[in-house]
Amino acid sequence: MVQANRQKIRTNPKTLKVFFGILAGFVAYMVIGSLGLYLLKISWADYAISSKDKSYTFAMLLSRLFIGIFASIAAGVSATKIANDKGKSAWFAGAIVFCVAAYIHFVRVWTDYPVWYHFAYLLPIIPIIGISHYFFANGNRLNSDTDL
């Protein structure tokens, strides 16, 4: 019998770091977003009541959007810090989060929210995640130790 030569798959350590960075960004988005929505439920009685049938007020929808923005920033920073790159992983994480969120919004919950909310939620996901690393990376204005 002839035994076939099996090539070992060689993985570049940088590729693994980028992969885990993207994964960390996605997980950070999901965890921060879920935690934020949970905190809204336990701290805002009217929100908890409205969340059962998704009859949110304008203020409640804005609160959900702000949680999405905060989760997006956390995702971009997490992806970049884990991957130790200049933001490429954040853009990829943003694309993945967008694809998952777009599926959820367009297929599962389209009728639960006003049309403007879907677009206000979805459109900024990629840019916020993609550029958030810049504002919080070492040496940038928002993360510098120097006084103004």
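The values are calculated or read from the model by the stated rules, or taken from the named source; none is laboratory data. Model, not experiment: these values are computed from the prediction. Here Cβ is always computed from backbone atoms with ideal geometry, including for glycine, and neighbour counts include all displayed protein chains.
Data table
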read-out: Helices (runs of 4 or more DSSP H) (entirely within region 1-118) containing at least 3 residues that are more than 19 Å from G130 (Cβ to Cβ) and over 12 Å from the mean Cα position of the chain (by Cα); value: 13-43, 45-53, 58-83
read-out: Cross-chain or 6+ apart pairs with Cβ under 8 Å, region 50-61 first and closer than 15 Å to V115 by Cα, then basic (K, R) and modelled with pLDDT of 95 or more; value: Y56/R64
read-out: Within region 92-121, tally of residues that are over 27 Å from I82 (Cα atoms) and buried (at least 16 other Cβ atoms within 10 Å of the Cβ); value: 5
read-out: Within region 66-75, tally of residues that are surrounded by fewer than 24 Cβ atoms within 10 Å (Cβ to Cβ) and hydroxyl-bearing (S, T, Y); value: 0
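Conditions (1) surrounded by 19 or more Cβ atoms within 10 Å (Cβ to Cβ); (2) modelled with pLDDT of 95 or more; (3) in contact with a His (Cβ under 9 Å, 6 or more places away or on another chain); (4) within 22 Å of V97 (Cβ to Cβ), marked per residue:
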site	(1), (2), (3), (4)
L23	no, yes, no, yes
L35	no, yes, no, yes
D46	no, yes, no, no
S63	no, yes, no, yes
V77	yes, no, yes, yes
